[in-house]
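The values are calculated or read from the model by the stated rules, or taken from the named source; none is laboratory data. Because the structure is predicted, anything quoted here is derived from the model rather than measured. Here the Cβ positions follow ideal geometry from the backbone for every residue, glycine too, while neighbour counts run over all protein chains shown.
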């Protein structure tokens, strides 16, 4: 028991450079929530469900962190800041996991049984991320801030976006990604950037085509290829047949 308490305090020093003393570590709400949960889980495992639920609700009111008494929490969990963290009944959290504020390990649907995620060892889940359903997040994965993960994730991956997309997989970049928690890629912004570059390329091609038509003596440029007798309601005509040019 004493060894577990010491490890709970030690992980704060390892993962939060702002912590400077043991007394300061003892003020962390994430540490309090973990200790409350140990008591609640012990009671829950022995059938004292109502008492366990009461302890978890006291923890929620005092820390802003809600961990269901039935959840299984591994050693070395670090909850940074913690406000708004929710861990559901059938969730399983491995060792040396880091959760930032606003993280939800939630369920989907109303079915009983395993309906909350299983989090592997060494996983980091960023601010406001949601991991939903009875899925498994592999060891050493990193979930970016604000991501919504609804599908299983293999080991050694980085996931960002809504819905969550893997951008780093087992040592190989799926997209240009950095493993720093605060410096993860934005797939949506990348997609818009790609579309913008494509539009710019098409505009350049149209401009080149207009110049070529002008040099060929078609003063009207692209408009000279439109048959004015076949304009539709939108005022756009069909492309006219090019003039016949005999060979030789």
Open item on the list: Which of the numbered conditions does residue 71 fail, given that it passes all the others? Conditions: (1) more than 23 Å from residue 164 (Cβ to Cβ); (2) without any contact (Cβ under 8 Å) to a residue 60 or more places away in the chain.
Closed with: (1)
- [ ] Answer yes or no: is there a residue in segment 102-118 that is touching a strand residue (DSSP E or B) at 6+ places or on another chain (Cβ under 7 Å), closer than 16 Å to residue 32 by Cα and surrounded by fewer than 22 Cβ atoms within 10 Å (Cβ to Cβ).
- [x] no
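With segment 126-169 as the region, which strands (runs of 3 or more DSSP E) entirely inside it contain at least 1 residues that are surrounded by 22 or more Cβ atoms within 10 Å (Cβ to Cβ), touching a residue at least 40 places away in the same chain (Cβ under 8 Å) and in the same structural domain as residue 95 (by TED's automatic domain parsing)?
none
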Task: Sole exception among (1) more than 20 Å from residue 7 (Cα to Cα); (2) under 26 Å from the mean Cα position of the chain (by Cα); (3) in a loop (DSSP other than H, G, I, E, B) for residue 122, by number - done: (1)
- [ ] Could you please find all residues in segment 54-97 being in a strand (DSSP E or B) and closer than 17 Å to residue 148 by Cα?
- [x] 86, 87
Open item on the list: When you scan segment 178-196, do you find a residue that is at pLDDT 75 or above, part of a loop (DSSP other than H, G, I, E, B) and within 11 Å of the chain's Cα centre (by Cα), even just one?
Closed with: no
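For every residue, the table says whether it meets (1) surrounded by 13 or more Cβ atoms within 10 Å (Cβ to Cβ); (2) modelled with pLDDT of 90 or more; (3) in contact with a strand residue (DSSP E or B) (Cβ under 9 Å, 6 or more places away or on another chain).
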position	(1), (2), (3)
5	yes, no, no
8	yes, no, yes
40	yes, yes, yes
67	yes, yes, yes
70	yes, yes, no
